[in-house]
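*Asks:* I have a structure I would like to understand better, so I am pasting it below and will then ask my questions one at a time.
Just so it is clear, none of the values below were taken in a lab; they were calculated from the coordinates. Since the structure is predicted, the reported quantities are computational estimates derived from the model, not experimental observations. Please note: Cβ atoms are built from the backbone with ideal geometry, for glycine as well, and neighbour counts cover all protein chains shown.
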Amino acid sequence: MPKVTDLSSFQSLYLQTAKENAQALKDGLEKGDIEIAYRNAHTLKSKSFVMGYQEIGNLAKVIEDTLYNIKNNKAVLSQETLKILTDQTTRIETLLFQI
């Protein structure tokens, strides 16, 4: 049976870096820098799932998947899509501040 690791000692580091990733994600969206936004969504998704924050991880995954499609010309970044992605990022920020 695998050893269960106590990740509680990493929570403050997670919160600090996750908030930075969320801000960088939002900044990337505002500047139209899809690559920066994508990388921060990916990082935020991964670390949130590792730390057990499923809702944040799921939101970041949706953002990441959408940005992946945009950067690979499978979708277009419309104003409506940008608003949805920005709103989802704001939701992530709210969830992070509630931890």
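*Asks:* Between VAL50 and ALA75, how high is the FRET efficiency from 1/(1 + (r/R0)^6) when r is the Cβ-Cβ distance and R₀ = 41 Å? Nearest 0.05.
*Replies:* 0.90
*Asks:* For SER12 and ARG91, what does the FRET efficiency come to when R0 = 25 Å and r is the distance between their Cβ atoms, rounded to the nearest 0.05?
*Replies:* Approximately 0.70, to the nearest 0.05.
*Asks:* In addition: Please report, to two decimal places, log10 I(q)/I(0) for the chain at q = 0.13, 0.21, 0.25 Å⁻¹ as given by the Debye formula with identical point scatterers on the Cα atoms and no solvent.
*Replies:* -0.43, -0.97, -1.31
*Asks:* Turning to a different aspect of this structure: Under a cut-off of 16 Å between alpha-carbon atoms, report the lysines in cross-link reach of LYS83, not counting same-chain residues fewer than 8 places apart.
*Replies:* Of all the lysines, those that pass the test against LYS83 - Cα under 16 Å, at least 8 places apart if same chain - are LYS26, LYS31.
*Asks:* Once every DSSP H run of n ≥ 4 in the chain is given -39500 (n - 2.57) and the sum is divided by its residues, what mean residue ellipticity at 222 nm do you get, rounded to the nearest 500 deg cm²/dmol?
*Replies:* Roughly -26000 deg cm²/dmol at 222 nm, from the helical runs in the chain.
*Asks:* Helix 54-71 sits at what angle to the longest principal axis of the chain, using alpha carbons and giving 0 to 90 degrees rounded to 10?
*Replies:* It is inclined by approximately 30 degrees.
*Asks:* Arranged by the count of other C-beta atoms within 10 angstrom, fewest first, what order do THR66, THR89 take?
*Replies:* Arranged by neighbour count, lowest to highest, THR66, THR89 become THR66, THR89.
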